[in-house]
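Chemist: Quick one: structure below, then a few questions.
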Amino acid sequence: MELQTYRYHGHSMSDPGVSYRTREEIQEVRSKSDPIMLLKDRMVNSNLASVEELKEIDVEVRKEIEDAAQFATADPEPPLEELGYHIYSSDPPFEVRGANQWIKFKSIS
């Protein structure tokens, strides 16, 4: 399988991505081949959803993302001994090596 992708942003914070391509190029690629926009257009043209319904979905999704981000930033970090918990779903507990190779943590599903 071969997939062609396009990076809308630079590679990192030190690379804004505008030194080797123009903003117009990025906007053109986004308007012609963004998979989410193409799906939305196809759904509206096929009468599977209205523009208003898709806008409502966008609002709900953005709210869910914002709520998750707020939870993630406000929630305290787990204790160090719990970092190996819930890595795998159905295996028996096993030891997980942390940054210090001599300290072992238990994986709990």
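The values are calculated or read from the model by the stated rules, or taken from the named source; none is laboratory data. Here the structure is a predicted model, which is why all the values come from computation and not from measurement. Counting neighbours? That spans all protein chains shown, and the Cβs are built from the backbone with ideal geometry, glycine included. Surface areas here come from the heavy atoms of the whole protein model, side chains and all, with no ligands, DNA or RNA. Shrake-Rupley method; radii C 1.70, N 1.55, O 1.52, S 1.80 Å.
Chemist: Could you give every pair whose Cβ atoms fall below 8 Å, whose first residue belongs to the range 39-53 and is surrounded by 10 or more Cβ atoms within 10 Å (Cβ to Cβ), and whose second residue is of a type in the set (Ser, Thr, Tyr), counting only separations of at least 6 or pairs across chains?
Modeler: Once the first residue is surrounded by 10 or more Cβ atoms within 10 Å (Cβ to Cβ) and sits in the range 39-53, its partners that are of a type in the set (Ser, Thr, Tyr) give VAL44/SER50.
Chemist: Restricting the search to the range 9-36, which residues are aliphatic (A, V, I, L, M) and open to solvent by less than 70 Å² (accessible area, probe 1.4 Å)? Break it down stepwise before answering.
Modeler: Initially, the range 9-36 is screened for residues aliphatic (A, V, I, L, M), giving 13, 18, 26, 29, 36.
Residues satisfying the conditions are VAL18, ILE26, VAL29.
Chemist: Output the helices (runs of 4 or more DSSP H) that fall wholly within the range 1-81 and possess 3 or more residues being acidic (Asp, Glu), or say none. Give the derivation first.
Modeler: Details: elements: 23-33, 35-45, 51-74.
Per the criteria, 23-33, 51-74.
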